[in-house]
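Reading through the structure tokens given below for one structure.
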Amino acid sequence: MKRIFTSRNCIAIFAAAAVLAFSACKKEKQGDHEHENENEEITTVKLTFTNAATPAEKVIATWKDMDGTGGAAPQITPINLKANTAYLLATELLDERKNPADNVTEEIEEESDEHRIFHLFFVNANAQVTDSVTTAATVTPLDKDVKNLPVGLQVHVATKGGFKGYFRMVVRHQPTGKDGTYGPGSSDAQAEFPIEIK
């Protein structure tokens, strides 16, 4: 039997195809793909500096902000390091509004190709990123993602001479365009600590 395609049949087929295509796009947008691109929720940052020459010597600093931006001031532990000393720095990130606390560090490790943690030194508090200084220490990321780009959860910090200012940890969420630089994406969290190196 010969089928005859009228304009009405063609319109019906086109409409059905359009509905299927729209449904597929909508599902992808509402599914895991969109969830993966959301920023992480971080209330607590724990920095552990381990003296590379004397591993028993550790400096631990914490930054905690349970009510988020605009609420009470965060609780901050100042950092005191030795001059001309090499440290291994481990960064731990938590969301303590959940019970038990959500270990965001593990999520960043799993999505390392979408994240980059920066550790920056500043003379003044709340300074622009472009005002960061390299005279206080050299920071070298030790961990890499699948594209061999730095992640920054584990870094080597080699302090230089005396310095008094601020140390900022920034988690950059870079689901597209990660290239090892600060620019792409947005910030999941930012924690700034008073620091003295002497």
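No lab work stands behind these numbers, since they all come straight from the coordinates. Bear in mind that the values here come from a model prediction, so they are computed numbers and not experimental data. Cβ: placed from backbone, ideal geometry, glycine included. Neighbour counts: every protein chain shown.
Label segment 31-130 by shape, choosing from rounded, prolate and oblate, from the square roots a ≥ b ≥ c of the eigenvalues of the Cα gyration tensor; if a/c is under 1.5 it is rounded, and otherwise prolate applies when a/b is larger than b/c, oblate when it is not. Since a/c reaches 1.5 and a/b is larger than b/c, the shape of segment 31-130 is classed as prolate. Cβ-to-Cβ counts within 10 Å put 142, 47 in ascending order as 142, 47, the fewest first. Every Cα-Cα pair in segment 37-197 was counted, and those over 24 Å apart are 31% of them.
Cβ crowding within 10 Å ranks 192, 92 as 92, 192, fewest other Cβ atoms first. Compute the signed sum of charges (Lys and Arg +1, Asp and Glu -1) over the other residues within less than 13 Å, Cβ to Cβ, of residue 177. Result for the neighbourhood of residue 177: +1. Pairs spanning more than 28 Å between alpha-carbon atoms, out of 64/198; 82/147; 46/82; 178/198; 46/144; 46/160: 82/147; 178/198.
When 168, 116 are sorted by how many other C-beta atoms sit within 10 angstrom of their C-beta, beginning with the fewest, the order is 168, 116.
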